[in-house]
Amino acid sequence: MKRLVIIPTYNECENVARMTDKVMSLEGDFDLLFVDDGSPDGTADIIRTKIAEYGSRVNLLERSGKLGLGTAYIAGFRWALAHNYDEIFEMDCDFSHNPDDLIRLASRLERDADVVVGSRYVKGMNVVNWPLSRILISYGASLYVRLITGMPVYDSTAGFVGYRAEVLRTIDLDKVEMIGYGFQIEMKYTAWRHGFRVCEESIVFTDRELGTSKMSSGIFGEAFFGVLKLPLKKINKSE
């Protein structure tokens, strides 16, 4: 079983070395692919030192400039499929997602899921260090998605997700339209519409301690209006 964790980075020099060491220490032989959007803080240079340390288990895909979270993941997905990985995970670099939970997510893919979501809301509201206003916005966004699309996922905006390779081969990645956090919703929805089993595994989300958030009002707006279009989207398998 070949497993790959894809982590987009932009100015994550404070976190990337610790994250690499942590993932490399996990049982289950998780490889890493960082997709760096030209971080000016030297993130890519730190990753290269970790490639020298760990060899082929750590990889770097460099892009010029901030091209969007969704396009970073799609580039990572294509790389993963080209390198014949069986399970592909996505997560943040800032430790808001606990790397230890990768083991539980991988277990769900092996048991009963085609897509597994590290969910903040499937069992209450498991968020640490967020103000109440942000929790309500996030939880409300997922409720909004359920109401508009009918998709039975409590944390549709979650960015801690595992996919079986078959799912990513089936989805036409060229047709994924949203590039911000709406990308997370669109991917889950498209997998669900294809009939794949989208399951949730409860996690605790802890807001970043180091670095700065990449959230913006434009990203939120794209997701809000993009969700309205999802029920009208024609779902075709990629050739």
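Since every read-out is calculated from the coordinates, none of them should be taken as a lab result. As the structure is a prediction and not an experimental result, all values here were calculated from the model. Here Cβ is always computed from backbone atoms with ideal geometry, including for glycine, and neighbour counts include all displayed protein chains.
Here the convex hull built on the C-alpha positions of segment 136-201 has a volume of 90 cubic angstrom per residue. Close amide H contacts of F89 (hydrogens built in the peptide plane, cut-off under 5 Å, sequence separation of 5 or more or a different chain): L4, V5, I6, Y163.
For the pair V128 and D86, what calculated FRET efficiency results from E = 1/(1 + (r/R0)^6), where r is the Cβ-Cβ distance and R0 = 25 Å, to the nearest 0.05? List each step's numbers first, then the result.
On the way: r = 32 Å, r/R0 = 1.28.
With a Förster radius of 25 Å, E is 0.20.
About its Cα centre, what dipole magnitude does the chain give when the only charges are +1 on Lys and Arg Cβ and -1 on Asp and Glu Cβ, stated in debye to the nearest 20? It would help to have the intermediate numbers written out before the result.
Working: 29 positive and 34 negative charges, 165 e Å.
My answer is approximately 800 debye.
Given H placed on each backbone N at 1.01 Å, which residues far from E200 in sequence or on other chains put an amide H within less than 5 Å of it? Under 5 Å from the amide H of E200 lie the amide H atoms of V117, each far enough along the sequence or on another chain. Each 10 Å bin, from zero up to the one with the longest distance, holds this percent of the alpha carbon pairs of the chain: 7, 34, 40, 17, 1. Backbone phi angles across segment 156-172, fed through the Karplus curve with coefficients 6.51, -1.76 and 1.60 (θ = phi - 60°), yield HN-Hα couplings of 6, 8, 4, x, 10, 9, x, 10, 5, 4, 4, 5, 6, 6, 7, 5, 7 Hz in residue order; Gly and Pro are listed as x. Beyond 26 Å between alpha-carbons counts as too far, so tell me which of K2/K22; K2/K66; K50/K123; K2/K229; K66/K188; K2/K123 fall in that bin. Long pairs (Cα-Cα over 26 Å): K2/K66; K50/K123; K2/K229; K2/K123.
Taking only alpha carbon atoms, segment 1-115 gives an Rg to Rh ratio of 0.94, where Rh is the Kirkwood radius.
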